[in-house]
Amino acid sequence: MFENLEIFLDDRADSLDRWCRKRFAFLPPDIRAELDTWIGLLRHGTSRRRPRARSTVVTLLRPVLPFLTEYGGKYTTLRQVTRDDLTTWLTNRYHRAYEASALRSLFGTLKAERLIFSNPMHGIKGGRIPTTIPASLTTEEVEEIAQAALQDPDLRVVVALSGIHALAALQIRTLLLDQVDLAECRLDPESLNRPLDEYTAKAITDYLDHRRGRWPDSTNPHLLISRNTATTTSAVGALWLDKLVKLLPVGLDRLRQDRILEEALASGAEPLHLAHGLDGQIEQLWLKPLNDGTFSIACIPLRVYGLALGDRVLLSEDDEVNEVVGLSWHRVLRMLMPNPDPKRLIEATARIKHEIDSVGLLSEWSGDRHVAIDVPPQTTPSQLFDVMQREVAEARAFWEWADAMPFSAPR
């Protein structure tokens, strides 16, 4: 309000400017000016380029810092950097693919702005990162889940809602009694109105008997209640659900993924190869064929840029994604923890999974260090951002938006 009245002027130093001054103070003036041009275009964009979030800018700057540290003392301007310099420096780098991607963005921008004569990164490949394919639960895991569910009526309902109806943790916690119609065998979370199978109906019926016996006077409108919420109208908390599912051999995200994978196969979704995640990479995506000859992306891309869940695409003759023809306006938020301390990794992964479940977002993991999160339109998971930013700020992780670069079809 005071700013609008021109009474108050916020003259605090920009946090990213402070970050850059601290880390790039050693650079010669010309290199620093060239770097600032790149940073400025990343932050503020152009008529053809969308501005990037602070976290995305930092994610690109971190991989460039080691190169500038080594060569900032040898040269006075980035015009002096040669292709041999870059290939030699990248040869034995542990995170070569990410550093090559960031350096390509830097030198590509400088070439486009005519600050260097040629792009020394042109044609230099960044290498590959191993890809993963979604896997179904094993027979042993299914049997363990079934046995665990038999021991607890609360857990049996959660297993049914996640493993059969693919509901996210937030949807399970906030499901209302009014959204369950046992007489008509319908389940209506968030107006989805789906049929209620026999297993889930029996699980909910048994749970309601258990609930009435333990909390006969509870007026809580939610299906699942606990000792702490029985006398309130609040939903059970994420910690309550986390503790409950520790009895399972897999987490809710894996259980839900298994169901989504089964539905994808049943509906005709096919795994197809896609180039250009980072240079030289091929990522396998699940695509669902549509009636008009296009395909809908039925997974969350872990490595490719410019694609998101629900986007419509065309394929080439080689069954590779060739063109994006329709946007779902979903975004993909990705995070990589390259080489963390094992204890810190467990703690960070638990915090991130907890926040993902709390907000009710979809996610896909590649191992336990790399995650891609689907962020639907009009969704701002600020607490998740805070958790991830903490890892980035302490130099334990990188994160980025998948739309930081447009989709590029293989050539």
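Observations on the structure shown:
- Residues of segment 180-200 that are under 21 Å from V245 (Cβ atoms), at pLDDT 85 or above and assigned to a helix (DSSP H, G or I): Y199, T200.
- Top-ranked residue of segment 382-397 - restricted to ones that are outside any helix (DSSP H, G or I) and touching a residue at least 40 places away in the same chain (Cβ under 8 Å), ranked as nearest to L167 (Cα to Cα): A397
- Of all the criteria given as (1) surrounded by 13 or more Cβ atoms within 10 Å (Cβ to Cβ); (2) over 23 Å from T56 (Cβ atoms), the one not satisfied by E323 is (1).
- Flag for E317 being in a loop (DSSP other than H, G, I, E, B), over 20 Å from the mean Cα position of the chain (by Cα) and surrounded by fewer than 18 Cβ atoms within 10 Å (Cβ to Cβ): yes
- Tally, over segment 79-127, of residues that are buried (at least 19 other Cβ atoms within 10 Å of the Cβ), part of a loop (DSSP other than H, G, I, E, B), within 31 Å of the chain's Cα centre (by Cα) and aliphatic (A, V, I, L, M): 1
- Selection from segment 342-380 of residues that are in a loop (DSSP other than H, G, I, E, B), out of contact with any strand residue (DSSP E or B) (no Cβ under 6 Å at 6 or more places or on another chain) and touching a residue at least 40 places away in the same chain (Cβ under 8 Å): G360, G367, P376, P377
- First in segment 217-236 and under 15 Å from V157 (Cβ atoms), second anywhere and charged (D, E, K, R), Cβ under 8 Å, 6 or more apart: H222/R173; L224/D154; L224/R173; I225/R211; A235/R173; V236/R173
- In segment 371-384, of all residues being touching an Asp or Glu at 6+ places or on another chain (Cβ under 9 Å) and among the hydrophobic types (A, V, I, L, M, F, W, C), the one that is modelled with the lowest pLDDT corresponds to L384.
- Residue within segment 327-339 that is surrounded by 20 or more Cβ atoms within 10 Å (Cβ to Cβ), farther than 30 Å from K243 by Cα and either over 12 Å from the mean Cα position of the chain (by Cα) or in contact (Cβ under 8 Å) with a residue 40 or more places away in the chain (or both) present: yes
- Pairing each residue of segment 248-261 that is assigned to a helix (DSSP H, G or I) with any residue that is of a type in the set (D, E, K, R) and modelled with pLDDT of 70 or more, provided the two are 6+ apart or on different chains, yields C-beta distances under 8 Å for L252/D357; D253/K353; D253/D357; Q257/E364.
- Residue among G367, G306 that is closer than 18 Å to A404 by Cα and either surrounded by fewer than 20 Cβ atoms within 10 Å (Cβ to Cβ) or not hydroxyl-bearing (S, T, Y) (or both): G306
- For segment 50-74, taking the residues that are in contact with a helix residue (DSSP H, G or I) (Cβ under 7 Å, 6 or more places away or on another chain) and outside any helix (DSSP H, G or I), the one that is surrounded by the fewest Cβ atoms within 10 Å (Cβ to Cβ) is identified as P51.
The values are calculated or read from the model by the stated rules, or taken from the named source; none is laboratory data. Given the structure is predicted, the values throughout are model-derived calculations rather than measurements. Heads up, the Cβs are rebuilt from the backbone with ideal geometry, glycines too, and the neighbour counts pull from every protein chain shown.
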